[in-house]
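Chemist: Okay, handing you the structure first.
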Amino acid sequence: MPALNPVEKFRHEALLYSGWAEFVAGTVPFIREGVKAGEPVLVVESVDKIEMLRIALGDETDAVLFANMAEVGSNPARIIPAWHEFVSRHAGTGRRMRGIGEPIWKERSADELIECQRHESLLNVAFGHGEPWWLLCPYDTEKLDAAVIDEARRSHEFITEGSEARRSEIFRGLEASGAPFDVPLPDRGTSVGEIAFGVDGLGSVRSLVARHANAAGLHRERVEELMTAVNEVATNSVRHGGGGGSLRIWQEHVALVCEIRDAGRFNDPLADRQRPSPVHSAPRGLWVANQLCDLVQIRNFANGTVIRLHMRRLPTHRLSVVSDAQDYTPLN
Amino acid sequence: MGVADIWLDFWTGKGPGIDELADAAIRGGRIYADKQLVVTRTLEPYGLCFSGEIDITNSKAVPQALSLAFVRNGDMHLDVSGLIFCDISGIRSFVDAAEAMDEGHLLLHGLPPLLQKVMTVTGWSDMKSLVICHCAAVGR
């Protein structure tokens, strides 16, 4: 694999591969070179691929951190905070860092996919002006649609295909990566509950969420988490979104979805995925919503903000450590 | 901190004022109530007991209630086992009170698991002056 030049800034690169052999050929030399240079390396992949990489790396496995993408990135908005923790842990040591992260796989739902693609763009915003590190994002060209690969060429500055690494000609650039996200949200399901709310209506909002979450069969703990997330988003609507908004609830195949609309607009693309400082009075509502819900979709349209909170009816994986060689936990 | 200490604090001007103490005695220790939240004073251990729901409509009452019971150098116990709901700004008020303490601790008793989780994901559970007690709820 050529062009393994040292990076002086953040390098966001997509690795287009087809089949296991190409995956190994694209990732193992990348990891080895990092290990050889004494660079911290974190691989966030599926359990299967982690096992394969461990076998391929042999003794070098001990120098590599691994985390399960199905857990870290179950909600894609939790991936940037995990990378941020990795990078800030090693920042200032003078060493570059390397990462491998594959957030998109065939089984991702349509909503998850679009949020993963947004995540890939936001990585440029989150790290574009920061520490020098190299993130390689494998894309399975055999299993993923051509449109997904096209989008990878727009969200990554560099593309490795076969043995060739080069600049992507259609990379959208740093500024456009953080532009307000206004991709339309498709209509799905019929509302089972609907309510308009103002400052005195949040109690009714919580009751409505609790009633439908219970009816949908969500576990009690998840009902409370969804209620808290919706309450925080609705509180934002009251405070910053014109004094109120509207809530709509419906059921989808695997999840209950709560949609909050208001007339407010905000322009911080990382508002929901920057870990708030404990001693700072920064807003935390969207951060907490992402930690509690399975998927959070935020859209900034010309006439206001729409936020959808998804809560799966089946229990989801929680974040945990995969590597037993290191005590690295991407998130608590 | 016992009742005697409270009165000592009163006489030395560190603790609650005579009006608050008299008020508390007359109203059975209740220092705040609205249609969804009741806050009562507790003396053994010293602090407050919160029951009901805290949201945007009454979250400003939380720091006010806390200031009535605030002790800078002693421990303040909050029984929150009766909190059915508490938004982030409500939790933030507890955190702010803990931050303002010099030597003492703010001890949260009976913290519901959801609030514990919210405090973990916001990083507030790591504060030194804030202690999450896993013992049984007190002062009820």
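No value in this document is a laboratory result; all are computed from the given coordinates. Here the structure is a predicted model, which means the values were calculated and not measured. Quick reminder, even Gly has a Cβ in these numbers, built from the backbone with ideal geometry, and neighbours come from all protein chains shown.
Chemist: Using +1 on the beta carbon of Lys and Arg, -1 on that of Asp and Glu, and nothing else charged, what's the dipole of the protein assembly as shown about the Cα centre, debye to 20?
Modeler: Computed charge dipole of the protein assembly as shown: roughly 640 debye.
Chemist: Also, quick follow-up: What angle do you read, to the nearest 10 degrees and between 0 and 90, between the alpha-carbon axis of helix A:110-127 and the longest principal axis of chain A?
Modeler: Taking the Cα atoms of chain A, the angle to A:110-127 is about 60 degrees.
Chemist: Would you mind computing, in nm to one decimal, how far apart the modelled labels at A:LYS106 and A:ALA70 are, each placed 7 Å from Cα along Cα→Cβ?
Modeler: 1.5
Chemist: In Å, what is the Rg of the alpha-carbon atoms in the protein assembly as shown, and how long is Dmax?
Modeler: Cα only, the protein assembly as shown: 25.2, 82 Å (Rg, Dmax).
Chemist: Can I ask one more? Determine the distance separating the Cα centre of the range A:135-154 from the Cα centre of the range A:189-214; give it in Å without decimals.
Modeler: Rounded to whole Å, the Cα centres lie 39 Å apart.
Chemist: Subtract the Cα-Cα distance of A:ILE170 and A:GLU85 from 0.36 nm times their separation in residues, and report this length gain in nm to one decimal.
Modeler: 27.6 nm
Chemist: Still on this model: ³J(HN,Hα) across the range A:252-267 via Karplus (A = 6.51, B = -1.76, C = 1.60, θ = phi - 60°), whole Hz, x for Gly/Pro?
Modeler: Result, rounded to whole Hz: 10, 3, 10, 9, 9, 10, 10, 10, 10, 10, 8, 8, x, 9, 9, 10.
Chemist: Additional query: Taking a ≥ b ≥ c as the square roots of the Cα gyration tensor eigenvalues, with a/c under 1.5 meaning rounded and otherwise prolate when a/b beats b/c, else oblate, which class fits the range A:49-89?
Modeler: The shape class here is oblate.
Chemist: Another question, then. Per-residue Cβ counts within 10 Å, from other chains only, averaged over A:222-229: what number is that?
Modeler: 3
Chemist: Would you mind checking the tilt of helix A:220-240 against the longest principal axis of the Cα atoms of chain A, expressed as 0 to 90 degrees and rounded to 10?
Modeler: Once rounded, one gets 80 degrees.
Chemist: When only DSSP loop residues count, what GluC sites (Glu not before Pro) in the range A:1-110 have their Cβ near at most 16 other Cβ atoms within 10 Å?
Modeler: Qualifying residues, ordered by number: A:GLU8, A:GLU107.
Chemist: Compute from the Cα atoms of the range A:11-177 the Rg and the Dmax, the latter being the longest Cα-Cα distance, and quote both in angstrom.
Modeler: Both quantities, over Cα of the range A:11-177: 14.7, 42 Å.
Chemist: Taking other Cβ within 10 Å of each residue's Cβ, how do A:TRP105, A:TRP134 sort, fewest first?
Modeler: The fewest-first ordering by Cβ neighbours comes to A:TRP105, A:TRP134.
Chemist: Test of understanding: what is the full-extension gain from B:GLU103 to B:THR120, defined as 0.36 nm times their sequence separation minus their Cα-Cα distance?
Modeler: 3.8 nm
Chemist: Let me ask another. With the dipole of the range A:173-231 worked out from charges on the C-beta (+1 for Lys and Arg, -1 for Asp and Glu) around the Cα centre, which of A:HIS219, A:GLY198, A:LEU208 lies farthest toward the positive end?
Modeler: Farthest towards the positive pole: A:HIS219.
Chemist: Another question, if that's okay. Show me, for the range A:210-219, the HN-Hα J-couplings you get by feeding each phi into the Karplus relation (A = 6.51, B = -1.76, C = 1.60, θ = phi - 60°), rounded to Hz, glycine and proline as x.
Modeler: Values, residue by residue: 4, 4, 6, 5, 5, 5, 7, x, 5, 4 Hz.
Chemist: What's the tally of Lys pairs in the protein assembly as shown whose alpha-carbon atoms lie under 26 angstrom apart, where the two lysines are 8 or more places apart or on different chains?
Modeler: 11
Chemist: Put a dot 7 Å past each Cα toward the Cβ at A:GLN274 and A:ALA179; how far apart are the dots in nm?
Modeler: With each label point 7 Å from Cα toward Cβ, the separation is 2.2 nm.
Chemist: Also, quick follow-up: Picking from B:GLY90, B:GLN116, B:MET76, whose Cα lies most toward the positive end of the charge dipole for the range B:74-140 (charges on Cβ: Lys, Arg +1; Asp, Glu -1)?
Modeler: After comparing all options, I get B:GLN116.
Chemist: Here is a further query. How much length is gained if the chain between A:HIS253 and A:ALA146 is pulled fully straight, taking 0.36 nm per residue apart and subtracting their Cα-Cα distance, in nm to one decimal?
Modeler: 35.9 nm
Chemist: Collect residues whose amide H, placed 1.01 Å from N in the peptide plane, falls under 5 Å from the amide H of A:TYR139; neighbours closer than 5 in sequence don't count.
Modeler: Under 5 Å from the amide H of A:TYR139: A:LEU15, A:LEU16, A:TYR17.
Chemist: I've got another one for you. Roughly how many whole Å is it from the C-alpha centroid of the range B:72-114 to that of the range A:105-133?
Modeler: 37
Chemist: How do A:VAL254, B:VAL38 line up, fewest other C-beta atoms within 10 Å first?
Modeler: Sorted ascending by nearby Cβ count, the order is A:VAL254, B:VAL38.
Chemist: From the square roots a ≥ b ≥ c of the eigenvalues of the alpha-carbon gyration tensor of the range A:254-295, which class results: rounded (a/c under 1.5), prolate (a/b over b/c), or oblate?
Modeler: In terms of gyration-tensor shape, oblate.
Chemist: To continue, here is another question. Return the percentage of antiparallel bridges among DSSP beta bridges fully within the protein assembly as shown, rounded to the nearest 5 %.
Modeler: 50
Chemist: Amide H of B:HIS105: which non-local residues (sequence gap of 5 or more, or other chain) have their own amide H closer than 5 Å, using H built in the peptide plane?
Modeler: Here B:ASP75, B:MET76 satisfy the definition.
Chemist: Which ³J(HN,Hα) values, rounded to whole Hz and listed in residue order, are derived for the range B:116-131 from phi using the Karplus coefficients 6.51, -1.76 and 1.60 in 6.51 cos²θ - 1.76 cosθ + 1.60 with θ = phi - 60°, glycine and proline given as x?
Modeler: 4, 5, 4, 5, 5, 6, 8, x, 6, 6, 8, 5, 5, 7, 10, 10
Chemist: Tell me, A:ASP150, A:ASP187 in order of fewest to most beta-carbon neighbours within 10 Å?
Modeler: Placing the least packed residue first, the sequence is A:ASP187, A:ASP150.
Chemist: Cut-off 18 Å, label point 7 angstrom out along Cα-to-Cβ of A:LYS9: give me the residues of the range A:113-147 whose amide nitrogen falls inside.
Modeler: So the set is A:121-136.
Chemist: Then there's this: Under the rule of -39500 (n - 2.57) per DSSP H run of 4 or more residues, summed and divided by the residues of chain A, what mean residue ellipticity at 222 nm is obtained, to the nearest 500 deg cm²/dmol?
Modeler: -11500 deg cm²/dmol
Chemist: Further, regarding this structure: How far is it, in nm, from the label point at B:LYS128 to the one at A:GLU194 when both lie 7 Å from their Cα along the line to the Cβ?
Modeler: 5.5
Chemist: Per-residue Cβ counts within 10 Å, from other chains only, averaged over B:118-124: what number is that?
Modeler: 6
Chemist: Follow-up. Which whole-number percentage describes the relative contact order of the range A:11-177, with Cα contacts under 8 Å and a sequence gap of 6 or more?
Modeler: Relative contact order for the range A:11-177 comes out at 34 percent.
Chemist: Where does the charge balance sit around A:ARG312 when Lys and Arg score +1, Asp and Glu -1, over other residues with C-beta under 9 Å from its C-beta?
Modeler: +1
Chemist: Say the dipole of the protein assembly as shown comes from +1 at the beta carbon of Lys and Arg and -1 at that of Asp and Glu; which of B:LEU37, A:VAL233, A:ALA25 then lies farthest toward its positive end?
Modeler: The one lying farthest along the dipole's positive direction is B:LEU37.
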